[in-house]
Each structure stands twice: as structure tokens, then as C-alpha cells.
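The values are calculated or read from the model by the stated rules, or taken from the named source; none is laboratory data. As the structure is a computational prediction, the values presented were derived from the model and not from experiment. Because the Cβ atoms are built from the backbone with ideal geometry, glycine has one as well, and the counts that use them run over all protein chains shown.
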Amino acid sequence: MPPNILFAARPERWDTYRAPLRTALDAAGLRQAHLAQDIAPEKVDYIVYAPNSDLQDFTPYTRAKAVLNLWAGVEAITGNKTLRIPLARMVDPGMTASMTEYVVGHVMRHHLGMDRDIMGQDGRWTPDAPPLATQRRVSILGLGTLGLAAARALTGLGFPVTGWSRGPKSVDGIATLHGSDGLREALRNADIAVLLLPDTPATENTLSAETLALMPKGAFIVNPGRGTLIDDDALLAALDAGHIAHATLDVFRTEPLPRDHPFWAHPGVTVTPHVAAETRPRTASEIIVENIRRGEAGAPFLHLVDRTQGY
Ligand code: NDP
């Protein structure tokens, strides 16, 4: 029997995803699949899901085989006790490319000191050439799909890159570290730190007053990971003290970032509104449908979340 696929995301996303999902289903030989925003729960086989949808109780979905998340971040769903079936997160080549562009762009901005040129058109000729990338150490906290892609792009430009992950890793051309000693070393070596960790209990306040103090004076931070990775007050204090030169932040503990949050007005902070890497409907639909194809073939799902670890 063709599978019933429930699209459980905000209604406006339906217009964005319906056609690419249909195209991907057709291409995967699943032309007969029923894809809709409303299907009787007991008839649903797969749930294409965005955590900000109205669906929060999975109990009635008695025959569903998997929840296929449209987002890479899963912190809003891992704790859902009604979810007892496999949960796959989004790993989307379009999203990865977008994150790589964001990270490279903001790292290059800080590395080249572009603000000085863009905002300092003051008639003074001050020929301070920036160092080469080979002299600017970048540490990437989180060496998963997104961290690794960014690391590869930055090493390609000549930056010496250190990556930090939960478990040990070996990656050509990148120094790899793990564990709490590894974090300390990664931060001591971070002229620029890029945060691409998930939001889990273990990653909260990865950058705290204590760990920020390990970074070299004048270091930069780029955080497109999650807002919880940074202790906001500690970051503001480190910026005010001149210890951290600038932080580019795409993600926040509360989103949208409240209008009265000090990050908006701080000269050492650039706020971007969670735009580093959107899920791209065409490529994401192919990933979702590949998992449906696997589910129908009895093959293991891709990109399963380890809910004990929270990512
Ligand atoms: P992955 O799951 O592929 O990678 C996560 C990485 O973090 C892994 O290297 C993992 O280590 C590491 N990690 C997890 N917990 C710890 C820990 N306690 N200590 C040290 N390292 C840890 O995720 P992605 O790369 O796909 O995405 C990363 C995050 O980026 C997402 O969780 C999301 O929060 C954020 N994101 C932001 C977007 C935006 O637009 N701003 C868009 C998409 C994602 P190990 O390799 O050992 O498992």
C-alpha cells in the first residue's frame, strides 16, 4: 500500500514544500504516496515535521514509522516523551552550503578587518594590511556535518583549523580535539571561534566567563549554532573588557531577539536573524524522500538522532 505522509509544519511551509516533495516522491518511484497536511493519525506512515508546528502529541500516530525533521536542530523535540519512533534530523546539502558561505563570509570579514574599510571612510590613508589566513587560527566547536564543511572551506583558504567534537575524530588537514581539555586547547588557539554545536544539556554555556578568558585577547566569535552555547552576560563582559573584539551571532536564547536585548546596540556584536542556513526545499525534499524510500524498503533510516545525547 502506498505510504501516507503527513506534512506537519506551519501552514505557509506547505506551499514551499508540496511541489518539491511531490517531485522527489515521483523520482523515487513513490508516485502513489499520499502527501497531505491532514491525515487521520492512525493512518499516517511518516511525519514530515517542523518542531514549531501544532503537532506535539505523537501518541495517536500508532503506525507511523518515523518523524522526519525539516530542521537540523532537534532540541525542541528530543525531550518529547510521546515520541517513541525513530527521529531523523535534517542533513541537507543546500543547508550545508549555506552554512559554509555564512561562516566563511563572517570569518573573512573579521580576518580582513572589513568593518574598518566599510565604516571608516574618513579620508585618512592607513595602509594596515591584514595578516595572511595562514596566520589566523580558527577553532570550530562542533565538527559534525556543518562544522566539518566549514572547516574544509576554511582550510582551503589557508586558515589553520582546529575542530572540537564530543568524541575523537581524525580529519585530514584539521587538528582535532575532544573532551574538556580539548575545549580549553581549542579556545586557547582560537583567534576566531566558530560555534556549530547542537543545543544539548552538555553544550549549554560552552562559552562562559571561564572559557572565554582562555581565548586570545582580541579574538572573534561567530555563532550560527545555538544561543544556549554562550553565556550572554559573560560575552558582554568579555566584549566590554576588550578581551573579545567582536561576536557575530545568528542564534539566541530567545528568538526573535527581544528589541531591548543589549546585543542589538552593542558595537561589538553583529546580530543576524537566524539566517545562516535555511533548509532548502528542493534538496531537503530529496533527503526526506530518501528516508521514506528506505522505510518502505525496510532499510535503516539516515541521520537518526541519538536521543540520549540530544542530537
Ligand atoms: P551534527 O550533529 O552533525 O554535529 C554536531 C557536532 O557537535 C558533532 O561534531 C558533535 O560531536 C559535536 N558535539 C555535540 N555535543 C558535544 C559536546 N557535548 N561536546 C563537544 N562536541 C559536541 O550537527 P550539524 O553539524 O548538522 O549542526 C550543528 C548545529 O548547527 C545544529 O545542531 C543546529 O543547532 C545548528 N544549525 C543552525 C542553523 C542556522 O541557520 N543558524 C541551521 C542549521 C543548523 P561528535 O562528532 O563527536 O558527535
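What the table below lists for this structure:
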| item | result |
| --- | --- |
| Pairs, first in the same structural domain as Met99 (by TED's automatic domain parsing) in the range 219-242, second in a loop (DSSP other than H, G, I, E, B) and away from the ligand (no atom under 16 Å from the Cβ), C-beta under 6 Å, six or more apart | Ala219/Asp191; Leu239/Gly268 |
| Residue that is farthest from Ser98 (Cα to Cα) [pool: residues in the range 42-75 that are aromatic (Phe, Trp, Tyr) and in a loop (DSSP other than H, G, I, E, B)] | Tyr61 |
| Of all residues making up the range 72-87, the number that are among the β-branched types (Val, Ile, Thr) and crowded, with 17+ Cβ neighbours inside 10 Å | 3 |
| One residue from Leu143, Leu112 being crowded, with 21+ Cβ neighbours inside 10 Å and either out of contact with any Pro (no Cβ under 9 Å at 6 or more places or on another chain) or among the aliphatic types (A, V, I, L, M) (or both) | Leu143 |
| Any hit, the range 123-136, residues being within 16 Å of the ligand (Cβ to nearest atom) and surrounded by 19 or more Cβ atoms within 10 Å (Cβ to Cβ) | no |
| Residue that is surrounded by the fewest Cβ atoms within 10 Å (Cβ to Cβ), among those in the range 88-103 that are near the ligand (Cβ under 9 Å from one of its atoms) and within 12 Å of Val222 (Cβ to Cβ) | Tyr102 |
| Filtered residues of the range 272-300 (kept if over 16 Å from the mean Cα position of the chain (by Cα), of a type in the set (A, V, I, L, M, F, W, C) and surrounded by fewer than 19 Cβ atoms within 10 Å (Cβ to Cβ)) | Ala297, Ala299 |
| Any hit, the range 229-243, residues being under 23 Å from Ala149 (Cβ atoms) and under 22 Å from the mean Cα position of the chain (by Cα) | yes |
| Residue list for the range 56-86, filter: of a type outside the set (Val, Ile, Thr), under 18 Å from Ala9 (Cβ atoms) and under 23 Å from the mean Cα position of the chain (by Cα) | Gln56, Ala66, Leu68, Asn69, Leu70, Trp71, Ala72, Gly73, Glu75, Ala76, Asn80, Leu83 |
| Residue list for the range 256-268, restricted to those being surrounded by 11 or more Cβ atoms within 10 Å (Cβ to Cβ), away from the ligand (no atom under 16 Å from the Cβ) and not in a loop (DSSP other than H, G, I, E, B) | Pro262, Trp264 |
| Evaluation of Met1 against (1) at pLDDT below 95; (2) closer than 15 Å to Ile288 by Cβ (one fails), failing number | (2) |
| Tabulated pairs, the range 249-275, first among the hydroxyl-bearing types (Ser, Thr, Tyr), second within 13 Å of the ligand (Cβ to nearest atom) and assigned to a loop (DSSP other than H, G, I, E, B), C-beta under 6 angstrom, 6+ apart or interchain | Thr272/Asp250 |
| Pro168 being out of contact with any Cys (no Cβ under 6 Å at 6 or more places or on another chain), free of Cβ contacts under 8 Å to residues at least 12 places away in the same chain and either farther than 23 Å from Ala213 by Cβ or crowded, with 18+ Cβ neighbours inside 10 Å (or both) | yes |
| Looking only at the range 238-255, and only at residues there that are small (Gly, Ala, Ser) and in a loop (DSSP other than H, G, I, E, B), the one that is nearest to His111 (Cα to Cα) | Gly242 |
| Count of residues meeting criterion [within 10 Å of the ligand (Cβ to nearest atom) and of a type in the set (Phe, Trp, Tyr)] in the range 147-164 | 1 |
| Among the candidates Gly144, Gly113, residue that is within 16 Å of the ligand (Cβ to nearest atom) and modelled with pLDDT of 95 or more | Gly144 |
| Candidates Arg294, Arg282 - the one that is without any contact (Cβ under 8 Å) to a residue 40 or more places away in the chain, assigned to a helix (DSSP H, G or I) and either within 13 Å of the ligand (Cβ to nearest atom) or within 24 Å of Tyr17 (Cβ to Cβ) (or both) | Arg294 |
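Per-residue answers, yes or no, for (1) within 26 Å of Gly242 (Cβ to Cβ); (2) in contact with a Cys (Cβ under 6 Å, 6 or more places away or on another chain); (3) surrounded by fewer than 19 Cβ atoms within 10 Å (Cβ to Cβ):
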site	(1), (2), (3)
Gly179	no, no, yes
Ala186	yes, no, no
Ser208	yes, no, yes
Lys217	yes, no, yes
